[in-house]
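Report on the following structure.
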Amino acid sequence: MTLAIVGGGLAGATAATELRKQGYDGPVVLYAAEHHLPYERPPLSKGFLLGRDPLDRMYVHDAAWYADHGIDLRLGTPVTALSPVDHLLRTPVGEEPYSRLLLATGASPRRLALADESGVPVAYLRTVEDSVRLREALARRPRVAIAGGGWIGLEVAAAAREAGCQVSVHDLTDLPLRNVLGPEVAQVFVDLHRAHGVEFVLGARLSAAALTAADLIVVGIGAIPAISLARAAGLQLANGILVDERLRTSDPDIYAVGDVANHGHPALGRVRIEHWDNAIEQAKTAARNMLGATEAYTRQPYFFTDQYDLGMEYFGHVGPNGYDAVVIKGDTKSAFRAYWERHGIIVAAMHANDWDASDELRASIGTESKR
Ligand code: FAD
C-alpha cells in the first residue's frame, strides 16, 4: 500500500511522522512543491524576519530524518494532476500510483490589486523567500504601509518597528482583530501598537492615497486555500476542501488537513482553521485514519502570537454565534487572562504573558462562567 502526501509543509511532514510512529513500514511518498525541507511558518513574521531564528531551527526534521525513516521526500516536485478513479497522481516527471492520499496543500496569500497596481514595491508573506526579501527591504528603513490588521499584518508591524521603520496599518474595519477577539481585547492589541509608534488608518479614513504614499506596502489580508488540484480532481469544495469529521474528502481514499481543509468539526460545525496547531494535530489524526482508524477530529482550536514583548495563546473558537460576555482577569497592560462566554459557558480563552495559564485555559473551554 503506497501512502502519498501532497504538500511538504507542517501538516504534510507531521503526517509522514505519524505514519511511521504508528508502525506503518510500507512506502510513504511526500511531494513538496518548495525546495526547502518542510518547515514551520510562524517565525517568518517574527524571529526569522528579524534575523534572529535560523532556518534550520524551523525545519520539522533535518534531511537525515527522512532518509532514516524511509520517507521518499520529493522536494521541488509539485503534483500537477490527480485521478481519484485510477489512484494516480502526476508530477513533472511522470505518473505515480497511490493507495491512499493526503492533501496538505496549504494556502497562499490573498492578493490586493490596488497594491499590485500602485507602482509601490509590494510584499506578501508566506514562504522563506518572501520573508528574506521583506527582511532585506526593512533593513533599508522604508516607510511601511501594512494593508490588513490581522495577525500577520500586526506581527509584521511589530517587526518593522523593531527594525526602525515608520509603520502604518490600514484596515477596512474601525478596530483590527475585532472579528476575532471582540472589541475589549482587540483594543489591547491596537493600544500596544500605538504605544510602539504604529499609526492606524482605519474604516472611513482608509484611502488608496494613504496606502500608496509609503515606500513599501506589505499585504496581509488573508489566505486562499490551495484547492486547484482538488478541484480538477472533482473533490467537493466549499471554502477549501470539504472533509468530514474524520478528515476524509468526498473520495473515500483521499484525506485533507491543515489550512486547506474545511472540516466538519463535531462540536464547532464547519471550520477551516489556519493555525500551526491545527496543521499538526489534524495531520496526526488523518494519518491514523489512513491506516484504518475511524477517529473524529474533535480538538479545540489553538493559536499563539508574539508581538513586541507580548506573547499570547488562544484556545477555543467563538464562532458565528458570537459571545455575550468577556471576563478579563489581570492587567491588560502587562499580563492577563480573558474568557469569552456564551449563555454562561466559556467558548474561548486566552492569556497574554501569563505562561502558567495554558493548561487552565484549555481545560476551561466548555465549562461554566468565570464571573
Ligand atoms: P502550508 O504551511 O501552507 O504548507 C503547504 C505546502 O504544500 C507548501 O509548502 C506548498 O508549497 C505545498 N504545496 C501546495 N500545493 C502543492 C502541490 N500541488 N504539490 C506539492 N506541494 C504542494 N499559526 C499560528 O498558530 N501562530 C502563528 O504565530 C502563525 N504565524 C504565521 C506566520 C506566517 C507568516 C504564516 C504564513 C503563517 C502563520 N501561521 C501561524 C499559520 C501556520 O503557519 C499555518 O496554519 C500552517 O503553515 C499550515 O500548514 P499546512 O501544512 O496546512 O500548509
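Within region 340-357, is even one residue surrounded by 15 or more Cβ atoms within 10 Å (Cβ to Cβ), farther than 18 Å from PRO183 by Cβ, among the small types (Gly, Ala, Ser) and outside the structural domain of ALA283 (by TED's automatic domain parsing)? Yes, the conditions are met somewhere in region 340-357.
Highlighted here are the strands (runs of 3 or more DSSP E) found entirely within region 302-361 that include at least 2 residues which are farther than 30 Å from LEU49 by Cβ: 325-330, 336-342, 345-352. Looking across region 141-162, the residues that are in contact with a Cys (Cβ under 9 Å, 6 or more places away or on another chain), surrounded by fewer than 22 Cβ atoms within 10 Å (Cβ to Cβ) and in contact (Cβ under 8 Å) with a residue 60 or more places away in the chain come down to PRO142, ARG143.
Just give me the residues in region 47-92 being among the aliphatic types (A, V, I, L, M) and crowded, with 18+ Cβ neighbours inside 10 Å, in sequence order. LEU49, MET58, VAL60, ILE71, LEU73, VAL79, LEU82, LEU89 - these are the residues of region 47-92 that are among the aliphatic types (A, V, I, L, M) and crowded, with 18+ Cβ neighbours inside 10 Å.
Meeting the requirement of 2 or more residues that are modelled with pLDDT of 95 or more and surrounded by 21 or more Cβ atoms within 10 Å (Cβ to Cβ), the strands (runs of 3 or more DSSP E) wholly within region 198-293 are 216-219, 241-243, 254-256, 261-265. For beta carbons closer than 6 Å, sequence separation of 6+ or different chains, a first residue in region 265-294 that is within 15 Å of ALA15 (Cβ to Cβ) and within 16 Å of the ligand (Cβ to nearest atom) and a second that is of a type in the set (S, T, N, Q) and part of a helix (DSSP H, G or I), the qualifying pairs are ILE280/THR14; ALA283/THR14.
In region 120-140, the residue that is surrounded by the fewest Cβ atoms within 10 Å (Cβ to Cβ) out of those that are outside any helix (DSSP H, G or I) and not aliphatic (A, V, I, L, M) is ARG140. Which of the residues belonging to region 96-140 are without any contact (Cβ under 8 Å) to a residue 40 or more places away in the chain, among the aliphatic types (A, V, I, L, M) and within 16 Å of the ligand (Cβ to nearest atom)? Passing the criteria: only VAL132. Just need a number here: residues in region 311-328 that are of a type in the set (D, E, K, R) and surrounded by 13 or more Cβ atoms within 10 Å (Cβ to Cβ). The number of residues fulfilling the criteria is 1.
The values are calculated or read from the model by the stated rules, or taken from the named source; none is laboratory data. Since the model is a prediction, treat every value here as computed from it, not as a measurement. Note that we place each Cβ from the backbone using ideal geometry, even for glycine, and neighbour counts take in every protein chain shown.
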